[in-house]
Amino acid sequence: MTAPLIVGAGWAGLAAGVELAAAGRAPVVLEAAPRPGGRARSLAEGRDNGQHLLIGAYTGVERLLGRIGVDIDTAFHREPLALHVADGDEALALTGSRLPGPLHAVGALAGARGLGPGGRRRALAFAAAMAMRGFRLRRDRTVAELLARHRQGATALRRLWTPLCLATLNARPEHASARLFLRVLADAFGGGRRNAELWFPRTGLGALLPEPAAAFIRDRGGEVHTGERVRALTTSEGAVTGIATRGERRTGPVLLATAPWHAARLLEPVPGGHELADRLRGLGHGAITTVYLRYPRHVHLDPPLWASAETPSPWIVDRRTAGEPGWMAVVTSADDSGRNRAACAREAATTLAALRPDWPPALESRVIRERRATFHPAPGVDDHRPAVDAGPPGLWLAGDYTSTGLPATLEGAVRSGVECARNLLAAPA
Ligand SMILES: Cc1cc2nc3c(=O)[nH]c(=O)nc-3n(C[C@H](O)[C@H](O)[C@H](O)COP(=O)(O)OP(=O)(O)OC[C@H]3O[C@@H](n4cnc5c(N)ncnc54)[C@H](O)[C@@H]3O)c2cc1C
């Protein structure tokens, strides 16, 4: 039996690779970049390509980490749910309650401060209405429309829903799918308290999953090649038969685990691939800018996660959680501002100066813009996301953009990779 060929060593490709290797079908993984990890990777300089935050509801990631021998308690700084959003001299504070099961979310909202007059009551009524309908919508619409229907006021929109929507969907409420947003709320708040926990990686992203996953695959006879771009898919009689890199051709079933825009390029010339390629390009994309700012080592944020209600509503993470005391990550989602790096660094420093006026000035900064961080979660997007087996015969798709029902997240990528591998394993040889 020929080894499965995985194109792309992002979290989806690696999740698929681990699943296959564990089942005795050790794959060959080909990654174009110098390091594995894709959109959640460590750069050569050691810094991550962007701050990533996980939640306790990421059961797929947790299972995968367990399988490759990464201990959750060592890997993450875990905190109970706590959202703090600064708005001038005021702030929203929403912290987890001790109530069991889904009631913990009710307790958290009931105890929230800073939602404006009547805001707490209306937020609770909204949560109850969504829970009653199982967090599902018959017709998708924007998050802003959904919130307006449920009479969420300007203060709640500014301090709670907009920062939450940006953090989870990488889009503003007026552009984002309400269905996807409700799925996030259901996963984080519809289950037990643990689901809503915030998980801050204690290490760089590379050491968290990509490197141990690659080691797991190699230990079971697989191969992981970096700096190896797949140039084309090879075909015969309408089926995909393998891949071609600059130097060689390999034959085997193909798991295409790239981002949708790269998958579209490889699928376009394949017989019957044009329509799928068009569909993938139609998913669009959104940017995320992360500004890392260094302060003296003693400077810290307590709690380590804050947001600003001031547009563009950036989130701030104290990198002490990742063993980098004094460093802050200021994350701007859906960043279509076109600001240059110097302006990004200046604005991030201004945000922190407003949040903590007593801090000294930042000593240095590093700006990383991921122009294509996630697919765009427009209303109705789920109707266009392909299943893992939507490709031509001989090829399976894996990636955060496939039809997982989740937004573009690490959890979506991992679940997609595992499902893709299981499909391949179940296919006749
Ligand atoms: C700045 C930023 C912050 C984020 N924050 C969060 C967060 O806090 N929480 C969260 O859950 N998610 C977050 N995300 C989203 C998350 O990182 C992605 O959803 C996830 O990493 C996507 O994984 P993937 O495997 O589907 O795709 P990718 O990571 O894009 O992996 C695809 C891989 O394929 C490779 N490739 C492409 N073309 C070829 C080719 N021709 N040949 C060989 N290899 C190829 C690429 O180099 C890449 O390594 C964030 C993303 C960014 C960019």
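Residues in the range 2-49 that are on the phi > 0 side of the Ramachandran plot and surrounded by fewer than 24 Cβ atoms within 10 Å (Cβ to Cβ): G24, G46.
Where strands (runs of 3 or more DSSP E) fall entirely within the range 228-285, those with at least 1 residues that are in contact with a Cys (Cβ under 7 Å, 6 or more places away or on another chain), within 14 Å of the ligand (Cβ to nearest atom) and modelled with pLDDT of 95 or more are at 254-256.
Going by what's in this entry, would R158 be described as part of a helix (DSSP H, G or I), in contact (Cβ under 8 Å) with a residue 40 or more places away in the chain and over 21 Å from the mean Cα position of the chain (by Cα)? For R158, the condition - part of a helix (DSSP H, G or I), in contact (Cβ under 8 Å) with a residue 40 or more places away in the chain and over 21 Å from the mean Cα position of the chain (by Cα) - is met.
If the condition is being closer than 21 Å to G190 by Cβ and outside any loop (DSSP other than H, G, I, E, B), then the range 129-155 contributes A129, M130, A131, M132, V143, L146, L147, R149. Among the residues making up the range 324-342, those that are touching a Ser or Thr at 6+ places or on another chain (Cβ under 9 Å), closer than 10 Å to V291 by Cβ and not charged (D, E, K, R) are A329, V330, V331, T332. Scanning the range 292-309 for residues that are assigned to a loop (DSSP other than H, G, I, E, B) and not hydroxyl-bearing (S, T, Y) yields P296, R297, H298, V299, H300, L301, D302, P303, P304, A309. Among the residues of this structure, A408 counts as one that is under 28 Å from L185 (Cα atoms), within 16 Å of the ligand (Cβ to nearest atom) and in the same structural domain as G38 (by TED's automatic domain parsing). The set of residues in the range 4-56 being at pLDDT below 95, out of contact with any strand residue (DSSP E or B) (no Cβ under 9 Å at 6 or more places or on another chain) and of a type outside the set (A, V, I, L, M, F, W, C) consists of G46 alone. Put simply, of G46, G50 the only residue that is of a type outside the set (V, I, T) and under 28 Å from P80 (Cβ atoms) is G50.
Note on the range 371-413: among residues that are of a type in the set (S, T, N, Q) and under 22 Å from E19 (Cβ atoms), the one that is surrounded by the most Cβ atoms within 10 Å (Cβ to Cβ) is T402. Do any helices (runs of 4 or more DSSP H) entirely within the range 1-114 hold 3 or more residues that are within 16 Å of the ligand (Cβ to nearest atom) and closer than 25 Å to M328 by Cα, and if so, which? Here the list is empty.
For the range 372-405, what are the residues that are more than 8 Å from the ligand (Cβ to nearest atom), of a type in the set (A, V, I, L, M) and touching a residue at least 60 places away in the same chain (Cβ under 8 Å)? Answer for the range 372-405, where residues must be more than 8 Å from the ligand (Cβ to nearest atom), of a type in the set (A, V, I, L, M) and touching a residue at least 60 places away in the same chain (Cβ under 8 Å): A378, V381, A390, L395, L397. Scanning the range 240-263 turns up no residue that is closer than 30 Å to E364 by Cα, crowded, with 16+ Cβ neighbours inside 10 Å, touching a Ser or Thr at 6+ places or on another chain (Cβ under 6 Å) and not polar (S, T, N, Q). Every listed requirement among (1) in a loop (DSSP other than H, G, I, E, B); (2) under 27 Å from the mean Cα position of the chain (by Cα) is met by G221 save one, (2). Might you let me know whether the range 79-100 holds any residue that is aliphatic (A, V, I, L, M) and over 25 Å from T311 (Cα atoms)? The answer is yes; a qualifying residue exists.
The values are calculated or read from the model by the stated rules, or taken from the named source; none is laboratory data. Keep in mind the model is a prediction, meaning the values are calculated, not measured. Don't worry about glycine lacking a Cβ; one is built from the backbone with ideal geometry, like all the others, and counts go over all protein chains shown.
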